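J.: To start, I am sharing the structure in question, which I have written as structure tokens.
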Amino acid sequence: MSKISSPNGVHRERIPSMTADGPGRISRREFIERSALGTAALVGSETFLAQESGRQKVRGACMHDCPDTCAWIMTTENGRAVELVGDEQHPMTRGRLCEKMDGFLTDVVYNPDRVVYPLRRVGEKGLSGEGRFERVGWDEALDDVASRLKKIIADHGPTAILPYSFAGTEGAVQRRSIDRRFFGRLGATLLDRNICGSTAHVGLSATMGTSSGILPEDIQKSRFIIVWGSNPVLTNPHGWPYIEQARREGARIVVIDPLRTETAERGDWHLRPIPGTDAALALGMMHVIVGEGLHDAEYVERHTLGFDRLRERLVEYPPERVAEITSLKSEDIVELAKAYATTRPSTIRMQIAMEKHSNGAMMYRSIACLPAIVGAWRDEGGGILQFTKWAEGALKLGAVLMPELEDSSTRSVNMVQLGRALTDETLDPRIHALIVYNSNPGTIAQNQNLVFEGLRRKDLLTVVIDHFVTDTARFADYVFPAATQAEYLDLVVPWGSPYLTLNVPAIEPVGEALPNTEIFRRLARRMGLEDDYLYTSDEDLIKTALDSDHPYLKDITYESLRRDGWAPLNLPRPFMPYAEGGFPTPSGQCELYAESLEAAGLDPLPGHVPPDGDPTSRERYPLTFMSTKAMRFFLNSSHANQPRHRRATGEPRLQIHPKDAAERGIENGTMVRVYNARGSIEIVAAVDDATLSGVVTMPHGFWASLLPGASSANALTSDSLSDMGGGGAIYDARVEVEKVG
Ligand SMILES: Nc1nc2c(c(=O)[nH]1)N[C@H]1C(S)=C(S)[C@@H](COP(=O)(O)OP(=O)(O)OC[C@H]3O[C@@H](n4cnc5c(=O)[nH]c(N)nc54)[C@H](O)[C@@H]3O)O[C@H]1N2
Ligand SMILES: Nc1nc2c(c(=O)[nH]1)N[C@H]1C(S)=C(S)[C@@H](COP(=O)(O)OP(=O)(O)OC[C@H]3O[C@@H](n4cnc5c(=O)[nH]c(N)nc54)[C@H](O)[C@@H]3O)O[C@H]1N2
Ligand SMILES: [Mo]
């Protein structure tokens, strides 16, 4: 890899002055703890890419839960980070950070509102009220939390403790390592971390044996691209240019989305099915393809299982019936099927959205049959572009997590149903301690009012580790200051790009912030736990993960990553994973018919079941409410509190179709109440045929505490689960809308 060029321009960010104590001031005791625990990597970085007049350049990576996993270069001057740019050499980042992250230093690292000291609550738990926290020392805070956890364990057993975390950082170490060992060692209640991706994964895997398809860059070779239930212009901004490039070379871009998104506007053809009906559409396409003999008979014969039984099922899905189910025109279904089957290479680009329905897994399973039927996998760039979880399989992540410490008979809580877990009085034992990190369930978890009810419990000890006083932290007994990606060492594991990136800390933690790993080490120490594995250093955890003979990691070492910053996974090229079959299913075939599903008492064939992920009354709540990620400046709830991001985003709007609006006397700009049995939101209506009649939509991510009415999208969502994989049927919520006043 070549050396990077000199710094990008002369522009430098103005950074607010630091708090009195400044960075790097640590107590003697802390210093001893740091060195004793082997967190030497915290102290500066050895990555001097270039040194000019006291400036250092340090290679790092964006931590976000985003398919792009950008590589960046942070410049420091006298111990302060002064500039952050995307790595020009990185094939996906191409020198550009997105709008969410290009101001990370001022927006997050040096934000005056950032939590940089341990805080203890002094006021009531809840969203409202000022100055409800006071600064305390780490020793006092950790001693108190440790002794309260010990008492809870003594009184109720370890399962009275619930960890809650998700993907605030994608780093192998700060996302999940010492924390998992710590909770496993305690025997705490297990958390099913299903809120994103697992339903899609299980659905795709039922057909393909995996949810990883082709290389993102190979979609440039495609000539027929279906962007199916995804909005990559916003949600995958460094992947979208590959699709634009394919179009420049003659590809046709079809977007299948009920909403007219920015992606749909840039595509060549937009098809708008009723949400949750895509399995029927896929089956309708197969009906046409097989009926007209456009399928790849040889590929089907050699590499699929159960074609004859699928064929019988396809009889149920003629285009006319599919048109009724989806609200598409039957001519369009026929045209789409024929164009897909006859243009090569063809690629289906999905992401995560479709899993958020009660029938989500089945939609992915059904769509995943299409490329096998037409033999799309035979072509470079053909097939499905979804996850890229090759690094996850190749790294020794099990050795980092130590799942053997967890007893699989220990009860578990599904993170989608946090509200239920916290409020269920019949749980034995009840949850008495909640430790939240890398997630903001007060905003992102379903059935928000039930979550708040649980968080409000006076007998619940809540500790939140974060960068800001989030809406979850407003209910915490303690808020612990988390270090940021600028301040800790990590290995970022991609799920949407084929590059593995090392993040080297560029600066000392601001104030008294600490990496998650270090907080759990210190808590373990205070609780009297002596097991060595609780004290492994971050650097050793990364070396453990990389200590793998897997061919995808050939020539990638800790040293090479420290030198180069990132490396492409050593995947075979051309990357045509199923050109010759070899699907990682039980049969080794693409399973159109899946015995594993039959054994589980499920439909072994793809099929359409109407979405039904909201138990409330359809008569009373006739509209479907979708809360998607249609916000360029937020990453889920991250950044939704930052002035720059809020200014750029504006106030949220409820998109409602002109027909539904007229029926309710609603005009553009009318203040409306959106409500169901779980909650209500007051919001300005945007009357717009960008949504379908029968579907209203607003972006998720806004913090309830910053909205009038103190409710955000998840006040309306249901905590029902999807068909397989345990994800939430978040986009199946049903609501009614009325004018306010
Ligand atoms: N800017 C930004 N980027 C992000 C994120 C973010 O918060 N902000 N979040 C990241 C994360 S965590 C994730 S999981 C990904 C998600 O990435 P995406 O899956 O692309 O995001 P969504 O906004 O959930 O959904 C995309 C589109 O799917 C459509 N959709 C919903 N249900 C259906 C359906 O049943 N059928 C069809 N055909 N379409 C449907 C929605 O209308 C929406 O326009 O994005 C990542 N990238
Ligand atoms: N209504 C609705 N709800 C949804 C979705 C939707 O589309 N609609 N999408 C769902 C999906 S796909 C997802 S992935 C989830 C996302 O849910 P979350 O994973 O909770 O995502 P964020 O809201 O970004 O919250 C991450 C938090 O981690 C913090 N953080 C970042 N780095 C660190 C660190 O190093 N240490 C610590 N301790 N904290 C850190 C950030 O400051 C932030 O507060 O939301 C889900 N909820
Ligand atoms: Mo997600």
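J.: Among 318-330, 392-404, how do they line up by average Cβ neighbours within 10 Å per residue, starting with the highest?
T.: Sorting 318-330, 392-404 by mean packing, highest first, produces 318-330, 392-404.
J.: Assigning unit charges at the beta carbon (Lys, Arg +1; Asp, Glu -1) and nothing else, what dipole magnitude in debye, to the nearest 20, does the chain show about its Cα centre?
T.: About 1320 debye.
J.: Taking the Cβ of A200 as the centre, find all other residues whose Cβ is under 11 Å away and add up their charges (Lys, Arg: +1; Asp, Glu: -1).
T.: Working: positive: K356, R365; negative: E355.
Result for the neighbourhood of A200: +1.
J.: Further, regarding this structure: Extending each Cα 7 Å along its Cβ direction at R456 and R311, get the distance between those two points in nm, one decimal.
T.: My value for the distance between the label points is 6.1 nm.
J.: Taking the solvent-accessible surface of protein heavy atoms with a 1.4 Å probe, what is the per residue accessible area of the chain in Å²?
T.: So the chain comes to 35 Å² accessible per residue, rounded to a whole number.
J.: Follow-up. How would you order 344-356, 660-672, 108-120 from highest to lowest mean count of nearby Cβ atoms within 10 Å?
T.: On the way: 344-356: 25.7, 660-672: 15.7, 108-120: 20.3.
Descending packing order for the listed peptides: 344-356, 108-120, 660-672.
J.: How large is log10 of I(q)/I(0) for the chain at q = 0.06, 0.08, 0.11 Å⁻¹ when the intensity is taken from the Debye formula with one equal scatterer per alpha-carbon?
T.: -0.35, -0.64, -1.25
J.: Compute, for D555, the solvent-accessible surface of its heavy atoms (probe 1.4 Å) with the complete set of protein chains present, and express it in square angstrom to the nearest 10.
T.: Approximately 120 Å² of D555 is accessible to the 1.4 Å probe.
J.: Sorted by average packing, counted as other Cβ atoms within 10 angstrom per residue and highest first, what order do 149-159, 276-286, 374-384, 178-188 take?
T.: In descending order of packing, they fall as 276-286, 374-384, 178-188, 149-159.
J.: OK, next. What does the charge count around P574 come to, taking other residues whose C-beta lies under 14 Å from its C-beta (Lys +1, Arg +1, Asp -1, Glu -1)?
T.: Details: positive: K221, R378, R573; negative: E217, D218, D379, E380, E580.
My count for the surroundings of P574 gives -2.
J.: Could I ask something else about it? Keeping the other protein chains in place, figure out the carbon and sulfur percent of the accessible area of the chain, with a 1.4 Å probe. Walk me through the numbers on the way to the answer.
T.: On the way: 12740 of 26150 Å².
C and S fraction of accessible area: 49 percent.
J.: Sticking with this one: Between R563 and E134, what is the FRET efficiency for a Förster distance of 35 Å, r being their Cβ-Cβ separation, to the nearest 0.05?
T.: Once rounded, the FRET efficiency stands at 0.20.
The values are calculated or read from the model by the stated rules, or taken from the named source; none is laboratory data. Not measured: the values here are computed from a predicted model. Neighbour counts run over all protein chains shown; Cβ positions are idealised from the backbone, glycine included. Surface accessibility is based on the protein's heavy atoms, side chains included, excluding ligands, DNA and RNA. Shrake-Rupley method; radii C 1.70, N 1.55, O 1.52, S 1.80 Å.
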